[in-house]
Amino acid sequence: MRLTRYFLPTLKETPADAQIVSHRLMLRSCMIRQEAAGIYSWLPLGLKVLRNIEQIVREEQNRAGAIEMLMPTIQPAELWRKSGRYEAYGKEMLRITDRHNREMLYGPTNEDMITDMFRSYCRSYKDVPKLLYHIQWKFRDEVRPRFGVMRGREFLMKDTYSFDVDAAAAMKSYNRMFVAYLNTFARMGLKAVPMRAETGPIGGDLSHEFIILADTGESAVFCHKDLVDMPPPGVDVDFDGDLQPLVDARTALYAATEDVHDAAAFAAVPKDKQLSARGIEVGQVFYFGTKYSEPMGAKITLADGSETPVHMGSYGVGVSRIAGAIIEASHDENGIIWPMEIAPFKVGIINLRQGDEATDGACETAYQNLCNAGLEPLYDDSNERAGAKFARMDLIGLPWQIIIGPRGLKDGLVEIKERASGARESLPLEAALNKVAAAYARLNG
Ligand code: 5CA
């Protein structure tokens, strides 16, 4: 992409109303635009990031055996009356009336709809286990939407629902999602801590939140240090095997919000392993048994002919929140530092003297070469001065920058900069291109 043809009107000044760094940087780098409190447009650069996050989430769900579908954003109130939580959900639910005076709502989650769907198609123990998911916009009329996309009113969620014959089988589905989440966040370059959690309006009695560590996070976390240092289970995990040991290895280690842990808990962790940190909740998993299936009549017939309500769980990832969370975990005073997998463009090209024949030529060569290698570059071909170009490229956080100007080219050299470390190196153009291509190849396997 050539910058002069792109849509990237980045801001120099810091927006006054943004309290946290990710919100400021998302506004400044022109990723999002607020349309109403807690409601955002995703501008071209932001949408690329959102799609990359969504794709990692999707791939790891598919790998874990979940099946993608798509339910609507607008739901009939009737379904929520059947499950018994229409009144209980309270003011967070955006209630809508259509032209025929039918009561509708903008879905804050989908347990009720999917339970009704299961009920209408599935009757037998042979129909389970099933894991179904969708990636869809949700609406929760939060009292105080804040921190940009981190606590929005409209936000993108991946939500999976599991259906099993009994509690023991449901635990296997729960473990699948637990392990899939560890892998998902690791691929995004994030350290995720699973922590026992309250179930809130979703219900049930078993739940874990996945918290990623960032100094500016909303939740104070206290945990065993090994929980953070433990490597992800890995992408080759056999999801049909026994995942319990992988889950046990994590759940055996203490983790709690700091306000919950007390002296008795402090004792559960040896002194040299205690970690006090801040974090952001990026996902939550729930096992709630028959809470929805019973009132909604989602039953299955067992081999002996008897009937049982299906056992269910639900598993959410805050896809749009993660865009902000990654920035909280990965930035410096100059801007965002995207992990390679998430970066909207993998490499930027900076032309230091637009109009200089040799410089324009070398930039074109770099641009064509990187495009052909499938490494969609962002080429700053504008007429702005070098300082402005450097600042913008640092702000938007692409992992690599190739900087090309007449002075270096006299000696046959260009400069390559790694955004994360700030390390710069002068190299012949071809070597610089190879270096970026090698980093990209590592990413792909
Ligand atoms: N039905 C269940 C799981 S599918 C559910 O709704 N779980 S949840 O309430 O925990 O939400 C799942 C994830 O969505 C959270 O972990 C969080 O990352 C994200 N999320 C929740 N509320 C918001 C919000 N207001 N803004 C942005 N992301 C949110």
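The values are calculated or read from the model by the stated rules, or taken from the named source; none is laboratory data. All values reported here derive from a predicted model rather than from experimental measurement. When we count neighbours, we look across all protein chains shown, and the Cβ atoms used for this are built from the backbone with ideal geometry, even at glycine.
Wholly within region 319-403, which helices (runs of 4 or more DSSP H) include no fewer than the required count, namely at least 3 residues that are outside the structural domain of Glu418 (by TED's automatic domain parsing) and in contact with a Gly (Cβ under 8 Å, 6 or more places away or on another chain)? In region 319-403, 319-329 are the helices (runs of 4 or more DSSP H) which contain 3 or more residues that are outside the structural domain of Glu418 (by TED's automatic domain parsing) and in contact with a Gly (Cβ under 8 Å, 6 or more places away or on another chain).
Scanning region 16-32 for residues that are over 19 Å from the mean Cα position of the chain (by Cα) and of a type in the set (Lys, Arg) yields one hit, Arg28. Only one of the numbered conditions (1) part of a strand (DSSP E or B); (2) among the hydroxyl-bearing types (Ser, Thr, Tyr); (3) within 29 Å of Arg28 (Cα to Cα) is not met by Tyr440, and that is (1). When Asp141, Asp166 are checked against the criterion of being assigned by TED's automatic domain parsing to the domain that holds Pro108, near the ligand (Cβ under 10 Å from one of its atoms), charged (D, E, K, R) and at pLDDT 95 or above, Asp141 stands alone in meeting it. Against the test of being hydroxyl-bearing (Ser, Thr, Tyr) and either under 25 Å from Ala197 (Cα atoms) or not assigned by TED's automatic domain parsing to the domain that holds His224 (or both), the options Thr301, Thr290 yield a single qualifying residue, Thr290.
Find all pairs meeting these conditions: Cβ atoms under 7 angstrom apart; at least six residues apart or on different chains; first residue within region 264-280 and within 17 Å of Ala252 (Cβ to Cβ) and at pLDDT below 85; second residue of a type outside the set (A, V, I, L, M) and surrounded by 12 or more Cβ atoms within 10 Å (Cβ to Cβ). That search, which allows pairs on different chains as well, returns Ala265/Tyr254; Ala268/Tyr254. Mind checking which residues of region 110-127 are more than 16 Å from the ligand (Cβ to nearest atom) and either under 28 Å from the mean Cα position of the chain (by Cα) or in a strand (DSSP E or B) (or both)? Passing the criteria: only Ser124.
Scanning region 194-237 for residues that are more than 15 Å from the ligand (Cβ to nearest atom) and in a helix (DSSP H, G or I) gives Lys225, Asp226, Leu227, Val228, Asp229. For region 174-226, filtered to residues that are touching a helix residue (DSSP H, G or I) at 6+ places or on another chain (Cβ under 6 Å) and polar (S, T, N, Q), the residue that is nearest to Ala252 (Cα to Cα) is Asn175. Of all the criteria given as (1) surrounded by 14 or more Cβ atoms within 10 Å (Cβ to Cβ); (2) more than 23 Å from Ile342 (Cβ to Cβ); (3) not polar (S, T, N, Q), the one not satisfied by Leu433 is (2).
Here is a check on your reading of the model: is Ala373 modelled with pLDDT under 95, in contact with a helix residue (DSSP H, G or I) (Cβ under 8 Å, 6 or more places away or on another chain), surrounded by fewer than 19 Cβ atoms within 10 Å (Cβ to Cβ) and of a type outside the set (Asp, Glu)? Yes; evaluated as a whole, the condition is true for this residue. Whether a residue is more than 23 Å from Asp164 (Cα to Cα), assigned by TED's automatic domain parsing to the domain that holds Pro15 and either within 15 Å of the ligand (Cβ to nearest atom) or in contact with a strand residue (DSSP E or B) (Cβ under 8 Å, 6 or more places away or on another chain) (or both) was assessed, and Leu105 passes this test.
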